[in-house]
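Heads up: the structure comes next, in structure tokens.
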Amino acid sequence: MGLWANTTYLNTGDVGAVVNALSTLFAREGMEHMHAPAPRKRLVVEPMQYEGALSNDLWALAAFPGIASWTVIQSAPLELLGERAEGSGHSRLLELCRALSCAAFQLNVYDGTGEVLLEISQAGDALVSGLNMGGRPGNPLEWNGETLSQERFVARFHLLPYQDVIAGAQRGEDKAFTLAEHFGGNNAKYCDNLTSVDTLISHKPLSVPGGTSAYFKWRGPSRQPYEPAASWQEHRTKERR
């Protein structure tokens, strides 16, 4: 089993401003900022882990300090910021960068079989590189509405000046670890999907120094395709009913 990673790094050190900006953006999509739900046991099949944002009634994020002037975000659903609001022509991360006037990037690594890097410049330009071989089924040259190029099938920095940081990293998991160590600083160990699939999905208190977690509830009729299940067999049984 290879590494799965979906981590966002923003070039701003104001964690509170990041959460406030996201609350405003999410509210436009009908997502209401709420108190953290009661802690629960994470099950094997979780929509917040396996489905996109528009197929979930609950969103969660953990935002915490990285190195100076950087904030790290882990989310559930995992690619929340790389995905688009319904009807939008660009990612939520681009919207966030515009609101905060900052640059950012999100690295997505899929079980050692694929990797996608989304870059947003401070000027608001966006670029994706890599191949979507391990995400949800579909075209490997398409990722959350973005078109991937065969000429840029390796995830690397083109817009932002950080390619030297990962120059010696060949595999996606090596890039994830290297970026976490470089931009995560003392909180590097939390730049990991365990923060998303354990802490956030289980509604556990966030123990990251200087960090905060936030939850957002969908105000409309439920849009989840299924409920959490204790096993894949239970999930398939419920689907057949």
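Please compute the Kirkwood hydrodynamic radius over region 113-241, one decimal place, Å, based on all pairs of different Cα atoms.
17.8
Calculate for the chain the 222 nm mean residue ellipticity that helices alone would give, adding -39,500 (n - 2.57) per DSSP H run of length 4 or more and normalising by residue count, nearest 500 deg cm²/dmol.
The helix-only estimate for the chain comes to -6000 deg cm²/dmol at 222 nm.
Calculate the FRET efficiency for W232 and S69 from the Cβ-Cβ distance with a Förster distance of 51 Å, rounded to the nearest 0.05.
Rounded to the nearest 0.05, the efficiency is 0.75.
What three numbers, in Å, describe the spread of the alpha carbons of region 175-226 along their principal axes, ordered from the longest?
Extents along the principal axes, in whole Å: 42, 24, 16.
Run the reach check for K175 against lysines, Cα to Cα strictly under 20 Å, same-chain hits fewer than 8 apart removed. What comes back?
Cα-Cα hits under 20 Å: K189.
Given H placed 1.01 Å from N in the peptide plane, which residues other than close sequence neighbours of L148 have an amide H under 5 Å from its amide H?
When sequence neighbours closer than 5 places are left aside, the close amide H contacts are E142, W143.
Counting other Cβ atoms within 10 Å, which trypsin sites (Lys or Arg not before Pro) in region 124-233 have at most 14 and lie in a DSSP loop?
Of the trypsin sites (Lys or Arg not before Pro), the ones in loops of region 124-233 whose Cβ has at most 14 other Cβ atoms within 10 Å are R171, R219, R223.
For K238, give me every one of the lysines with a C-alpha distance below 28 angstrom, ignoring sequence neighbours fewer than eight places off in its own chain.
Partners within reach: K41, K204, K217.
Could you calculate the contour length gain from A126 to R223, that is, 0.36 nm times the residue separation minus the distance between their Cα atoms, to one decimal place in nm?
32.0 nm
Mind listing which chymotrypsin sites (Phe, Trp or Tyr not before Pro) in region 111-187 are in a DSSP loop and have 16 or fewer other Cβ atoms within 10 Å?
Within region 111-187, the qualifying chymotrypsin sites (Phe, Trp or Tyr not before Pro) (loop, at most 16 other Cβ atoms within 10 Å) are F153.
By the gyration tensor of its Cα atoms, with a ≥ b ≥ c the square roots of the eigenvalues, what is the shape of region 1-94: rounded for a/c under 1.5, prolate for a/b over b/c, or oblate?
Rounded is the answer for region 1-94, as its axis ratio a/c remains below 1.5.
Give the label of the value calculated from the structure for mean projected area of the Cα convex hull in nm², choosing from (1) 17.7; (2) 16.0; (3) 12.8.
Computed from these coordinates, mean projected area of the Cα convex hull in nm² corresponds to label (3).
When only DSSP loop residues count, what GluC sites (Glu not before Pro) in region 69-108 have their Cβ near at most 12 other Cβ atoms within 10 Å?
E86
About the Cα centre of the chain, what is the dipole size in debye to 20, counting +1 per Lys and Arg Cβ and -1 per Asp and Glu Cβ, all else neutral?
It works out to roughly 660 debye.
Values quoted throughout were computed directly from the atomic coordinates according to the rules given, and no laboratory measurement underlies them. As the structure is a computational prediction, the values presented were derived from the model and not from experiment. All Cβ positions, glycine included, derive from the backbone under ideal geometry; neighbour counts span all protein chains shown.
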